Amino acid sequence: MGLQEEVELLRRIPLFAETEPSKLKLLAFTSERVSFDAEQVLFSQGDPANAAYIIIEGEADVLVSGPSGPIRVATLGKHDFVGEIGILCEVPRTAMVKANTRLTTLRISKELFFRLLREFPHMAISMMRELAHRLEQTNSKLQSALTEVDRLKKAS
Amino acid sequence: MKAISPTAELREKAATEPAGSPASPAEGLPAIPPHAGGGLEPTIFKFIIKNSLPQQIMVVVVTLISFPFLYYSLDLPKTIINKAISPTAKFPADFLGMEFGNRYSYLAVLCGMFLALVFVNGGFKFYINVLKGRLGERMLRRLRYCLYEQLLRFPLHHFRKVSPGEIIPMITSEVENLGGFIGDALVLPLFQGGQLATIVLFMFIQDPILGAAAIALYPVQGYLIPKLQKKTNQLGKQRTRTVRRVADKVSESISGVSDLHANDGARLQLAQFSHVLGLIYELRFEIFQRKFFTKFVNNFIAQLTPFFFFSIGGYLVMEGTLSFGALVAVLAAYKDLASPWNELLNFYQIKEDARIKYEQVVEQFQPEGMMDGRLIHEQPDQDAPLTGEMTLANVTLAEDERLKIVDSVSANLPIDKHIAIVGQSSSGKQELAQVMSRLLPATSGRVLIGGQDIATLPTAVLGRRMGYVSSQPFLFNATLRENLESSLRFRPVTPAHYEAIRAKKRHATLAETFRSGNLALDIEADWIDYAAAGVHDKKELIERILTVLQAVDFDGDVYLFGLRGMLNPKEHPEATSQLLEARKALSGVLEEKGLTKAIERYDVTKYNHNATLAENLLFGTQVGPAFDPEGLADNTYVLKVLDKVGLTDDLVKAGISIAETMVEMFADVPPGHEFFEQFSFIKAEDLPEFQVILGRLTKSGHGDMSKEDRNKLLSLPFKIITARHRLDVIDEAMQARILEARKVFAADLPEELKGTIAFFDIERYNAAAPVQDNILFGKIAYNEAGAEEKVRTAIAEVINKLDLRLTIIEAGLEYGVGSGGGRLSAAQRQKAALARVILKRPDVLILNEATTALDGATQTKVLQSIKEEFAGRGLIWVLHRTALARQFDHVVVMSNAKLVEQGSFEELDKPGSTMTMLLAAE
């Protein structure tokens, strides 16, 4: 799998959906293709967030530490994007990600990501649009959730 | 073949002869020059007479012998014309007791004589010039040597006043033309003076009055010329001084360039420099004018003399007291007079110039308070250790009368104990340590060790028996090992062995060294004094060095140097074969740990995806510039190989594809952006050119591409690392063909290129690659998470398993430390200096804040191990952290240049003591 497929992969990710192809190519070219063995840890909870990963091949578990050992909260598969919130918000990792099988990823380092954003404001704008879109979705979900809560409160 | 060692032989002979005896160099040479300790005379003439009188006389004698021949060759033409050619010549003629019947045979003999004389005179001239040249060069060598020796004897504080910029040109360029003068010093005035006297005598014989007239103006010239010259001389002195200021300025700007820029000081420096240049211009121009004025006066007076001839001579001829012929002869002779006279005047000017230069240089090399030269050369009869006590008796160090840096310090310090000196930074503690080690001579008072004044101890005793390390130690631009061993190189210990022919040459070199009064110790000999380090041979010394490195916590750093360093299998056959073992063992370890994916090893039959295409093609490490990766597309041999396997066109196509991708991705990245440096195959400044090339291609197709365009495109795929770049231009079929090309490349490699590449060979150590790469024998995988870290641990494991750590540290000792140790960090330099001094096992070690660059933990560790190393020996440590004094037997507290208290730490650790205050302030 080469650069072109990676570009296709990036395009499927909503965050990059509106970015122009030549920039996606640059993003793909400047990121690293990194493979992990099964059971190998991509990052641990509490680590500083320094990269985001796009899964090309394989599966990974998202684990959060609980009172009686780690609890699996999600399983990631092909084309999933993980770790982007961490690098955008500059918060430590909120969960651990561990390879479930042999895993191939595209690693986008935080440094590179921000440099691209700074260099190409257009890319930043399309990403902002995507994030706003997500926020809007979250808001409407929250709205319906609150309505639901109200309804339940009234019902009881 | 017979191997003899000239040095040993000569040294033996020297030992049986009193030093300085006029031994002929063929018989035996004292290794120490007879003048040792004061070869500089106050004036150049004393220097010449003292050091070259016999040789000067030799030149004069040969010149005198040449005179009759010269005279005869001048006389012979007259004989030929008057007695052979002239129709009035009478025959039979008599010549050298032979009788000649006819003029033809007579002419033939005379012409033969003439030819012979031409040869003889030429021969004399050549020989005399050789003599003079050799004499001059020897004296120049001696002078430079003396100057350098003086320099080594300068008192320490003098170096604060003079800059290298001033000193260096004095030894190199300023004395350069003194050699030429010295060769002529005696013979030229004699020769030209003799000529002058002969001609004058001839004139006097022709007519005393005319003779007197010819020299009448000489007194005037003799009075005027030196007067004029005197002013020129003074200007010359000024010029030399000013030029030194230029040198000083330049060297200062070089060493201070960062501060200069940081403070925007360039313009001031330029203005100051321009000012000094202006001074030099004025001086030079004035000297120029004066020189020509002197010449003018001289020429004018010389032209005046014929006036006397015509007037007085003419009158005498008219009166009949002088024959017409005599007047003509005197006039002709006077013409000849001009040449020697001018030569003499010229010589006078050169002489004055040389005299001033010499005096000016010498005066700079005789500062107050120089070390006695004998102390450097004197060798102790027996190597007795320093014992007893170090007694400081009223030691005072003062910069001038009022400012005392160390003030009347008296103490008795047992030199088998560990003593700490503490105090504030300007308390005089550092200077006290320098006085103790004789680096600074005390202004008054004495330092005694075992009752002996250290001022009288030869460096051979003090430099070997005592150790001193400052906080900013100096390292020479050599390997780490040479730097460490430098503390053991006091004198040649094991003579070098020379094969018969080289021995002869060596003997000649040595003889010449002796004639120039230089130190004739052989630098080819092994100077390392193994006994001083307490070992017997090279191997033990290495082991000892490793222990010492551990003691100063330097082994870890040197281990890393070793991994990055190179080893030559010829010099280190054992180590390199062990490293080959490690290379093989690494496979096992990787397998064991399941790390085989972390590294892709070199395999001659496989394409390495983590190496560049160029590396895959060459399959070796380049030695020298022949196969520089940047220039492979222009390399005729590489192109030949590619053509042979039919790869060129496909690689050009790959190049086009790469260029297109790069142009697409980087077209709107601003030039100078770090993306170019990090990621692009094409430099920012070349991008437009590639755009143009691609434009041309779409217009006219691939068919008629110019050779330059092709080569430019061809250069791109060489940089591809398939695992990393994922450009999809080098597919498997292509890889197979590159393997084909790899085979052809190695097989067809022409003889003259054989040395320029070290092929990867699993069975052979690669001398052109670092130690680590040799163990690795492959490339760390780009795509494996954490591969680098994993491989590093694997290598460390292999090294431990095979017990190779020491071998690698040994390789690390070959690390070049750079000029002034610049390739080491400040902490590493301090550690190296500590290791160096520990190695020579001094009886007393004085450490002057020698661990300031180390971090706290390391400092404590190093302090502990040095204390262990020096158990039972003397250790005097000027500490920059008072708290460390707790570990010493005795503490000396300095404050305001005075010793204020001393005793054990416990004794001093009480309220109100200066030490408690120092502790509290930390």
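Here are the numbers for this structure:
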quantity	calculated
Matching residues in the range B:145-202 - criterion: being open to solvent by 20 Å² or more (accessible area, probe 1.4 Å) and aromatic (F, W, Y)	B:Y145, B:Y148, B:F159, B:F191, B:F202
The range A:79-109: number of residues that are under 24 Å from A:E5 (Cα atoms), open to solvent by 50 Å² or more (accessible area, probe 1.4 Å) and over 12 Å from the mean Cα position of the chain (by Cα)	3
Output for the range A:1-32, where each listed residue is touching a residue at least 60 places away in the same chain (Cβ under 8 Å) and open to solvent by 30 Å² or more (accessible area, probe 1.4 Å)	A:R12, A:P14, A:A17, A:E18, A:E20, A:E32
Hits in the range B:626-684 (condition: outside any helix (DSSP H, G or I), open to solvent by less than 40 Å² (accessible area, probe 1.4 Å), within 14 Å of another protein chain (Cβ to nearest Cβ) and free of Cβ contacts under 8 Å to residues at least 24 places away in the same chain)	B:V669, B:H673, B:S680
Tally, over the range B:777-795, of residues that are assigned to a helix (DSSP H, G or I), small (G, A, S) and within 13 Å of another protein chain (Cβ to nearest Cβ)	1
Condition met for B:F124 (of a type in the set (F, W, Y) and either closer than 30 Å to B:L327 by Cα or in contact with a His (Cβ under 9 Å, 6 or more places away or on another chain) (or both))	no
Subset of the range B:585-607 that is modelled with pLDDT under 90 and more than 14 Å from chain A (Cβ to nearest Cβ) - its residue that is farthest from B:I738 (Cα to Cα)	B:E592
Selected residue [aliphatic (A, V, I, L, M), within 39 Å of the chain's Cα centre (by Cα) and under 30 Å from B:A920 (Cα atoms)] from B:A411, B:A384, B:A420	B:A420
Sole exception among (1) modelled with pLDDT of 90 or more; (2) open to solvent by 70 Å² or more (accessible area, probe 1.4 Å); (3) out of contact with any Ser or Thr (no Cβ under 8 Å at 6 or more places or on another chain) for B:W877, by number	(2)
Residues of the range A:6-28 classified as more than 22 Å from A:I85 (Cα to Cα) and touching a Lys or Arg at 6+ places or on another chain (Cβ under 9 Å), total	1
Residues satisfying the stated conditions in the range B:592-625, i.e. charged (D, E, K, R) and in a helix (DSSP H, G or I)	B:E592, B:K597, B:E615
Listing of strands (runs of 3 or more DSSP E) fully contained in the range B:368-460 that carry 1 or more residues being in contact with a Ser or Thr (Cβ under 9 Å, 6 or more places away or on another chain) and open to solvent by 20 Å² or more (accessible area, probe 1.4 Å)	B:389-398, B:404-414, B:444-449
Per-region count, the range B:80-133, residues loosely packed, with under 12 Cβ neighbours inside 10 Å, among the small types (G, A, S) and either in contact with a Lys or Arg (Cβ under 7 Å, 6 or more places away or on another chain) or not in a helix (DSSP H, G or I) (or both)	3
Criterion (in contact with a strand residue (DSSP E or B) (Cβ under 8 Å, 6 or more places away or on another chain) and among the small types (G, A, S)) met by exactly one of B:A575, B:A500	B:A500
Residue match in the range B:799-809 (condition: open to solvent by less than 10 Å² (accessible area, probe 1.4 Å) and within 29 Å of the chain's Cα centre (by Cα))	yes
Members of the range B:444-465 found to be touching a helix residue (DSSP H, G or I) at 6+ places or on another chain (Cβ under 9 Å) and among the hydroxyl-bearing types (S, T, Y), listed by number	B:T456, B:T459
Identity of the residue in the range A:129-152, hydrophobic (A, V, I, L, M, F, W, C) and exposed (fewer than 13 other Cβ atoms within 10 Å of the Cβ), that ends up farthest from the other protein chains (Cβ to nearest Cβ)	A:L152
Some residue of the range B:396-404 being among the small types (G, A, S) and in the same structural domain as B:S444 (by TED's automatic domain parsing)	yes
Hits in the range B:239-274 - residues which are more than 16 Å from B:V162 (Cα to Cα) and surrounded by 17 or more Cβ atoms within 10 Å (Cβ to Cβ)	B:R239
Selection count where residues are under 30 Å from B:T198 (Cα atoms) and out of contact with any Phe, Trp or Tyr (no Cβ under 7 Å at 6 or more places or on another chain), scope the range B:352-387	3
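For every residue, the table says whether it meets (1) more than 14 Å from chain A (Cβ to nearest Cβ); (2) open to solvent by 30 Å² or more (accessible area, probe 1.4 Å); (3) among the hydrophobic types (A, V, I, L, M, F, W, C).
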{"position": "B:G701", "(1), (2), (3)": "yes, no, no"}
{"position": "B:L713", "(1), (2), (3)": "yes, no, yes"}
{"position": "B:P717", "(1), (2), (3)": "yes, no, no"}
{"position": "B:I720", "(1), (2), (3)": "no, no, yes"}
{"position": "B:R724", "(1), (2), (3)": "no, yes, no"}
{"position": "B:M734", "(1), (2), (3)": "no, no, yes"}
{"position": "B:R737", "(1), (2), (3)": "yes, yes, no"}
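The values are calculated or read from the model by the stated rules, or taken from the named source; none is laboratory data. Bear in mind that the values here come from a model prediction, so they are computed numbers and not experimental data. FYI the Cβ positions are ideal-geometry reconstructions off the backbone, even for glycines, and counts take in every protein chain you see. Heavy atoms of the whole protein, side chains included, go into the accessibility calculation; ligands, DNA and RNA do not. Shrake-Rupley method; radii C 1.70, N 1.55, O 1.52, S 1.80 Å.
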